[in-house]
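Read the structure below first, then the notes.
Bear in mind these aren't lab numbers, they're just calculated from the coordinates by the rules spelled out. Remember, predicted model here, so these are calculated numbers, not experimental data. Here the Cβ is made from the backbone with ideal geometry for all residues, glycine too, and neighbour counts use every protein chain on show.
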Ligand SMILES: *Cc1c(COP(=O)(O)O)cnc(C)c1O
């Protein structure tokens, strides 16, 4: 059976050449990057080269990059680290209702610790309401954290404008760019962003390694205590192989972004056209243009996403209902709910997230497999009967 993987926002297949670059560090080059001997120096040099490559992907200075265990840790470090560092200045933070749970639950944790958090809403396309954000700012606001691009629907947020607003008021600005990094061009040189999280496994690198960009002068308190690793901001022996893999994946992404944006946008829109030409009552979730090139989230009226996912899986097609964290529960997606999607319709949504390996043949396979599944499920759905 053909296998079609279209769940690249959950994770990507690591590139062969990235794995090759990592292997020596699991074998002969096993030094600790903090050791002074030749083994250690080899590891240190490789970590620093990877740091420069990640910095180039973002357009920042290499000494402003801190390696972490992934996007989740980078988000936790940014949010808790700034809250701890600035608590004498204020106790209020602003975020967005459709953030990843790494951000939302860090904020919830801080609420228990006594901080106040405003969760700003989004419009029907998933774009943050800037007016609401502006009026949420108080003299006690110490941090604004809003994602660059949403993982479920792909909507791209106006981070430059938000950053400018924050800067005018002297407020620290963090963005979770885990879905944006390596997918769309980024140049932070002149962007008003203080902290930015990324994760290697979302751009064809290894799992378990990520980074936090911390602009020089940003006050932050470490969340892991131990040795003097990573400019004393993140203790723990460096994951040398993972970091090397992340660096190489970043270097390749930087070169390939323009070409990949074109290829994936074309394929995504081809897939959408194919689906809508054969299936009635399908709606896109997310912004039509301000959207990640690889992401297509659609809802099929009268249905439940989980059953579509399972039926597609039987055909060898891997997609998801949105975020990997909420699947398995019947809770409606917090993202679609915040976008104001009718509660009866939030369940019937499917996310196709394409990747560099996907071909037109993959899209054709999906376009052929999906209509009979949708028809069968709709024939079984009591809502479908009523809706006619
Ligand atoms: C995947 C993801 C994360 C978490 O990154 P991990 O490296 O898997 O911990 C955070 N934010 C967003 C938007 C993501 O898509």
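Taking the mean number of other Cβ atoms within 10 Å as a proxy for protection, how do you rank 206-212, 116-122 from highest to lowest?
Working: 206-212: 24.3, 116-122: 18.4.
With the highest mean Cβ count within 10 Å placed first, the list reads 206-212, 116-122.
Where the centroid of each part is defined by its Cα atoms, how far is the range 290-316 from the range 256-271 in Å?
A separation of 19 Å, based on Cα centres.
When you have a sec, figure out the Kirkwood radius of the range 246-330 from all distinct Cα pair distances and drop it here in Å to one decimal? List each step's numbers first, then the result.
On the way: mean 1/r = 0.0666 Å⁻¹.
Answer for the range 246-330: a Kirkwood hydrodynamic radius of 15.0 Å.
Return the tail of the calculated pair distribution for the chain, meaning the percent of Cα-Cα pairs more than 38 Å apart. All intermediate terms of the calculation are to be shown ahead of the outcome.
Values: 16208 of 75078 pairs.
Within the chain, distances greater than 38 Å cover 22 percent of Cα pairs.
In whole angstrom, note down how far apart the Cα centers of the range 56-83 and the range 111-148 are.
20 Å
Could you sort the peptides 221-228, 101-108, 90-97 by per-residue average Cβ neighbour count (10 Å cutoff), highest mean leading? Don't skip to the end; give the middle numbers.
Details: 221-228: 13.4, 101-108: 19.8, 90-97: 22.4.
Ranked by mean Cβ neighbours within 10 Å, highest first: 90-97, 101-108, 221-228.
Normalise the Cα radius of gyration of the range 155-270 by 2.2 N^0.38 Å (N = residues in it) and let me know the number.
Details: Rg = 16.1 Å, N = 116, 2.2 N^0.38 = 13.4 Å.
For the range 155-270, the normalised Cα radius of gyration is 1.20.
Only helical DSSP H runs with n ≥ 4 go in: add -39500 (n - 2.57) per run for the chain, normalise by residue count and round the 222 nm mean residue ellipticity to 500 deg cm²/dmol. Numbers along the way, then the final one.
Numbers: 12 runs with 158 residues, N = 388.
After summing the helix terms and dividing by residue count, I get -13000 deg cm²/dmol.
How high is the relative contact order of the chain, in percent, counting Cα pairs under 8 Å that sit 6 or more residues apart?
Numbers: 778 pairs, mean separation 89.6, N = 388.
Reported relative contact order: 23 percent.
For the ranges 352-361, 338-347, what's the packing order if you count other beta-carbon atoms within 10 Å of each residue, average per peptide, and put the highest first?
Values: 352-361: 19.0, 338-347: 17.0.
Packing proxy ranking, top to bottom: 352-361, 338-347.
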